[in-house]
Amino acid sequence: MRSSYRLALAGAAAACLLAAGCSSSGSSSGSSSSTDWTAKTTAASGGGMNALVAAAKKEGTLNVIALPPTWANYGNILKAFTAKYGIKINSALPDGSSQQEVNAVKTEHGTAKAPDVLDVGMSVALANTSLFAPYQVSTWSDIPAPQKESTGLWVQDYGGYMAVGYSSKFGTITSLNDLLSSKFKGAVALNGNPTSANAALNGVMMASLAEGGSASSISQGVDFFKKLKAAGNFNPVQATGATIKAGTTQVVFNWDYLNLPSYVGVSNWKVFIPQNAVLGGYYAQAVNKGAPHPAAARLWEEFLYSQAAGGGQNLWLQGGARPVEQQAMKSNGSIDNAAAAKLPAVSGSPVFLSGPQSTDAADYLAANWAKAVS
């Protein structure tokens, strides 16, 4: 599952929580026969949504990468897109990382197999903007400014909060320091190597915040895992739904929407979000500048950012993730209220890493993680 490799954190928390606006419409009609969608930055600039749909249907195919069906409801999202538009989806490397997505863009450049679109952590997005094509979806005004590159090279899509999921046999965890107890021998796992797995990076950052560190330094989180390793409690196995069900990884640092009992499939699974380390983060969408199916790529983005009942924003919400347009949808009444009510409660002051903070964390881990846990 893709949880082993996802996410670095996103822009300002206040914007994530407060922004709202009015959706714009790009529903004008037009002919797609002579339109080069590779250069189009909005649906309107190519003749409108009808023209975009026609061009995408003519292409007939969309290449996606690193989208496991169980991740944030992507299975249903992929099916819904094909059902709505009749476009075939080639889904490559569902267990892949954000970095592997970028690698595929480079190695498959100029071929029909190249990814059309990417869903990546922010550290990877920020480091690879030269590979992306600017595109602004029709709901652009409903996306908070700090959560999008001004021209649309990348746009955050959905997010959540880092949490500790664990078997109820351990009782109740009230602090990350509880995990240093001998009863957690070999139990504590991340969902990948944090030097390449962005969700795992955030797990280390959550530990750093809990240990008194700040968003500008992940070093105390590395020190915490060094202590876990010394105690014999750190489990280097990549945590997945299968390892959780098998009892191999009994304590897992992961995003809240990937740590719910309904997601991991274990009924006695509990979730803990430390009040002193409420760490939030969003993933980002990007269109490959060399997408072999440029119209389908842009239609996919329109679908993901649609606020319709069957659009991507509500479908992500139904998967337990917080869509980037959530506040706007609450204001305009398009949100799935039942799904929103099921989101895990969060108390404390959320922290969202800036781009430079995310990059600094990745650089520190590259230099120090292996020494700490080897």
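The HN-Hα couplings worked out from phi for segment 300-313 by the Karplus form 6.51 cos²θ - 1.76 cosθ + 1.60 (θ = phi - 60°) are 4, 5, 4, 5, 5, 9, 6, 9, 4, 4, x, x, x, 5 Hz, whole numbers, x standing for Gly and Pro. For every other residue with a beta carbon closer than 9 angstrom to the beta carbon of Gly320, add +1 if it is Lys or Arg and -1 if Asp or Glu, then tell me the sum. Once all neighbours under 9 Å are counted, the net charge is +1. Once the Cα atoms are used to define both axes, helix 74-85 deviates from the longest principal axis of the chain by about 10 degrees. Taking only Cα atoms, what is the 0 to 90° angle, nearest 10, from helix 219-231's long axis to the longest principal axis of the chain? The answer is roughly 50 degrees. Summed over qualifying helices (DSSP H, 4 residues or more, each -39500 (n - 2.57)) and divided by its residue number, the chain shows a 222 nm mean residue ellipticity of -10000 deg cm²/dmol. Here the chain carries DSSP beta bridges of which approximately 70% are antiparallel, counting only pairs with both residues inside. With K and R counted +1 and D and E -1, the other residues having a Cβ less than 14 Å from that of Lys106 yield a net charge of 0. Surface composition of the chain: carbon and sulfur atoms hold 53% of the protein heavy-atom accessible area at a 1.4 Å probe.
Each peptide in 356-363, 109-116 receives the mean, over its residues, of other Cβ atoms within 10 Å, and ordering these scores from highest gives 356-363, 109-116.
Just one of [x] 41; [y] 45; [z] 32 is percent of Cα pairs over 31 Å apart calculated from these coordinates, so which is it? Checking each listed value against the structure points to [z].
For the pairs Lys169/Lys371; Lys57/Lys289; Lys57/Lys106; Lys226/Lys270; Lys185/Lys371, flag any whose C-alpha to C-alpha distance is greater than 28 Å. Among Lys169/Lys371; Lys57/Lys289; Lys57/Lys106; Lys226/Lys270; Lys185/Lys371, the Cα-Cα distance tops 28 Å for Lys169/Lys371. In order along segment 267-283, phi translates into HN-Hα couplings of 5, 9, 8, 10, 10, 10, 10, x, 5, 8, 8, 7, 10, x, x, 10, 8 Hz, rounded to whole numbers, per the Karplus curve 6.51 cos²θ - 1.76 cosθ + 1.60 with θ = phi - 60° and x for Gly and Pro.
Descending by average beta-carbon neighbour count within 10 Å, the peptides 169-176, 244-251 line up as 244-251, 169-176, the highest first. Between the Cα long axis of helix 98-107 and the first principal axis of the chain there is an angle of about 40°, rounded to the nearest 10.
The values are calculated or read from the model by the stated rules, or taken from the named source; none is laboratory data. Values in this document were obtained by computation on a predicted structure and should not be read as measured data. Counting neighbours? That spans all protein chains shown, and the Cβs are built from the backbone with ideal geometry, glycine included. Each accessible area value is taken on the protein alone, full model and side chains, heavy atoms only, with ligands, DNA and RNA left out. Shrake-Rupley method; radii C 1.70, N 1.55, O 1.52, S 1.80 Å.
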